[in-house]
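The values are calculated or read from the model by the stated rules, or taken from the named source; none is laboratory data. Just so you know, these numbers come straight off a predicted model, no measurement behind them. Reconstructed Cβ throughout: ideal geometry from the backbone, glycine too, with neighbour counts over all protein chains shown. Keep in mind that these areas ignore ligands, DNA and RNA; they rest on the heavy atoms of the full protein, side chains included. Shrake-Rupley method; radii C 1.70, N 1.55, O 1.52, S 1.80 Å.
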Amino acid sequence: MNKETIAIHHGYEKDTQGTTAVPIYQTTAYAFQSAKQASDRFTLQDLGNIYTRLTNPTTAVLEARLAQLEGGASALATSSGQAAIFYAISNLIEAGDNIIISDKIYGGSVTLFKHTLKRFGLEARVFNLDDPSTIESLVDDKTKAIFFESLSNPQIVVADIDAISAVAKKHGIISICDNTVATPYLVNPIAHGTDIVVHSCSKYISGQGLALGGAIIDRDGLLEFFKDNPRYSHFFTPDESYHGLVYTDLPFPPFNLRIRLALLRDIGATPSPFNSWSLIQSLETLSLRIEKHSHNTLKVAKFLESHPKVSNLNYPGLETNKYNNLSKKYFKDGLCSGLLSFEVANKDTAWKILDNTKLFSIVVNIGDSKSIITHPSSTTHQQIPLDEQAKIGISQGLIRLSIGLEDADDLIEDLKLALNA
Ligand SMILES: *Cc1c(COP(=O)(O)O)cnc(C)c1O
């Protein structure tokens, strides 16, 4: 099936009422038919529902669709993108381990790895996304993951997914790609050798800024990968917290299985059934929206590129962009989604533009149908010191736009007035 069809039909059999829309199973718990069934559910003899912290029938439809759209073995939905990233990493590490991260990733991921998880004994080693050959020198026995974004937010840089995945494969390390901005419609990292894909569903998948959500998708074949892989002995040795269960002995994709049985059990961060339902509605139109976001953004980028107050316009869809070839290689029809950034003289000029736009809202979200303007240095990346911001390409004059689904000419007119104000 093609993605447009998967997004609308996959994973839902009409219920006994013939309901065409996926119902919202707004319930915390599930009644068992007998004491024996209850017990069997806990021993995994029977895989039915126990409690919504672990599984929910509405969320299961969202998970089935996301797994299929990414070409993965299974998906696990979480309450936010950050929860998905936290689970994906903490499923692999213990104190004393390290992970290798791209230098161009979301601000919340930077603080998660470099500060919050540091206190739990994790070291984050940074590689230059423009040069994946630098990864290898950072690898040692304690390296448990290589983490990057396919299309980075806010730098809008395209990753060489094949090259990064190849280094991970060579050393038997799990690679994790945050595919939030590119979306499963433009690229499937798993098809390029990545092991795990994570999403913030709060952005393009929601599409109207209506619901927070996250997802983790694992690839086929990880059972073989984890069996006897000394980096990840917790997958093939007994888990004391689950009566000595050995994840690689079960016939399920082990990565998400362990997150569901151990991490969701212990930490929660499960989506509400209502948010899962909302994301199911949004997913139906993802392909249409991403095409329109991409075409609109290219038009706005072409306008801004020629404006005298604008420098360093960054949109990989432009022929002049350093990442244009990579975007043509990896993204469907060379479409580049809805994020662009550019620089103006300084912070004051940037703030003036933000305050003078009328159609653009000053918001730190992205991927909404409504266009958004952001000053990353003073908002999304404020917790990162200025000198470190500069190193990762965030200058004080940097403005990020998330181009919505309005008419592109109206957006251009609005920006023209704001830039000349
Ligand atoms: C927003 C975002 C996240 C975090 O997602 P939330 O749903 O807001 O928790 C992670 N990665 C990227 C690339 C994002 O843009």
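Placing 242, 315 in order of accessible area, with the largest value first and a 1.4 Å probe, yields 242, 315.
Per-residue SASA remark: residue 137, around 100 Å² accessible (1.4 Å probe; ligands, DNA and RNA not included). Taking each residue as 0.36 nm, the span from residue 284 to residue 220 lengthens on full extension beyond its C-alpha to C-alpha distance by 20.6 nm. To the nearest ten degrees, helix 161-171 and the longest principal axis of the Cα atoms of the chain are 40 degrees apart. State whether segment 3-281 is rounded, prolate or oblate according to the following rule on the C-alpha gyration tensor (a ≥ b ≥ c being the square roots of its eigenvalues): a/c under 1.5 gives rounded; otherwise a/b larger than b/c gives prolate, and the remaining case gives oblate. Judged from the Cα gyration tensor, segment 3-281 comes out oblate (a/c at least 1.5, b/c at or above a/b). Taking 352, 416, 358 and ordering them by how much accessible surface each has at a 1.4 Å probe, largest first, produces 358, 352, 416. Across the chain, C-alpha contacts under 8 Å between residues 6 or more apart give a mean separation that, scaled by the residue count, equals a relative contact order of 16 percent. With helices as the sole contributors, the chain gives -9500 deg cm²/dmol at 222 nm; each DSSP H run of n ≥ 4 counts as -39500 (n - 2.57), and the sum is divided by every residue. Please give me the summed charge of the neighbours of residue 196: other residues whose Cβ is under 9 Å from its Cβ, Lys and Arg +1, Asp and Glu -1. Every neighbour counted, the sum reads -1. Could you calculate the FRET efficiency of residue 33 with residue 208 from 1/(1 + (r/R0)^6), where r is the beta carbon distance between them and R0 is 35 Å, rounded to 0.05? Plugging the Cβ-Cβ distance into 1/(1 + (r/R0)^6) gives 0.30. With every protein chain in place and a 1.4 angstrom probe, the accessible-area ranking of 234, 381, largest first, reads 234, 381. Could you please report the charge total around residue 379, scoring K, R as +1 and D, E as -1 over all other residues with beta-carbon less than 13 angstrom from its beta-carbon? Its environment carries a net charge of +2. The Cα atoms of segment 38-178 give a gyration tensor whose axes a ≥ b ≥ c have a/c of 1.5 or more with a/b greater than b/c, which makes the shape prolate.
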